[in-house]
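The values are calculated or read from the model by the stated rules, or taken from the named source; none is laboratory data. This is a predicted model, so every value here is computed, not measured. When we count neighbours, we look across all protein chains shown, and the Cβ atoms used for this are built from the backbone with ideal geometry, even at glycine. Surface areas here come from the heavy atoms of the whole protein model, side chains and all, with no ligands, DNA or RNA. Shrake-Rupley method; radii C 1.70, N 1.55, O 1.52, S 1.80 Å.
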Amino acid sequence: MNSDTSVIADIPEGFEPHFRKSPLTDPWEPLYSKRTDSAVIMGLRLAKAHTNARGLIHGGLIAALSDNAMGYSCAHVMGWTSSLVTVSLAVDFIGTAEIGQWLAVETEVIKTGSTICFAQSLVKADDVVIARANGTFRVVPKRE
């Protein structure tokens, strides 16, 4: 088995390379996502680039991925007809994670409307909750 196959085999079932790239998240690649009927779950295998000086997952990574997963989940539930921008984001850190663990951001869309969307997520490292996040997103017209 070559190294590419072992990396793919190490990704939980249903996850595929993430469908959207961003200059912010490019250094964190490879990122993965899985679409359900009601959410976009984001995930990645934690590596050194995701850590702080103590070798633990960085809170900024958790916040950014939670923001992304909640925004994508709102857009997904709304049929990708609008764009969303973050109005507020709150993250509670209740645990930590280390290099090698699988990090997943599992989102629940609470309410969508014509101007606003509310979502919450649980951030898990190897299925253990390490953070929770809440986000409010403004619905804006898509750019052509």
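Looking only at residues in segment 13-29 that are touching a helix residue (DSSP H, G or I) at 6+ places or on another chain (Cβ under 8 Å) and either without any contact (Cβ under 8 Å) to a residue 24 or more places away in the chain or among the hydrophobic types (A, V, I, L, M, F, W, C) (or both), the one that is least open to solvent (accessible area, probe 1.4 Å) is W28.
Scan segment 62-81 and report the pairs whose first residue is on the phi > 0 side of the Ramachandran plot and whose second residue is open to solvent by 20 Å² or more (accessible area, probe 1.4 Å), with Cβ atoms within less than 9 Å and a gap of 6+ or a chain change. Matching pairs, first to second residue: W80/K142.
Residues in segment 69-94 that are open to solvent by 30 Å² or more (accessible area, probe 1.4 Å) and under 14 Å from R20 (Cα atoms): H76, W80, S83.
Within segment 80-94, count every residue that is in a loop (DSSP other than H, G, I, E, B) and either at pLDDT 95 or above or in contact with a strand residue (DSSP E or B) (Cβ under 6 Å, 6 or more places away or on another chain) (or both).
Qualifying residue count for the region: 2.
Take R54 and decide whether it is surrounded by fewer than 20 Cβ atoms within 10 Å (Cβ to Cβ) and modelled with pLDDT of 95 or more. In short, no.
Does segment 98-144 hold any residues that are open to solvent by less than 60 Å² (accessible area, probe 1.4 Å) and not in a strand (DSSP E or B), and which are they? Passing the criteria: G100, Q101, G113. Quick one: which of E106, E98 is under 24 Å from D26 (Cβ atoms), at pLDDT 95 or above and among the acidic types (D, E)? So the residue among E106, E98 that is under 24 Å from D26 (Cβ atoms), at pLDDT 95 or above and among the acidic types (D, E) is E106. Scanning segment 2-23 for residues that are at pLDDT below 90 and either assigned to a helix (DSSP H, G or I) or not charged (D, E, K, R) (or both) gives N2, S3, D4, T5, S6, V7, I8, A9, S22, P23.
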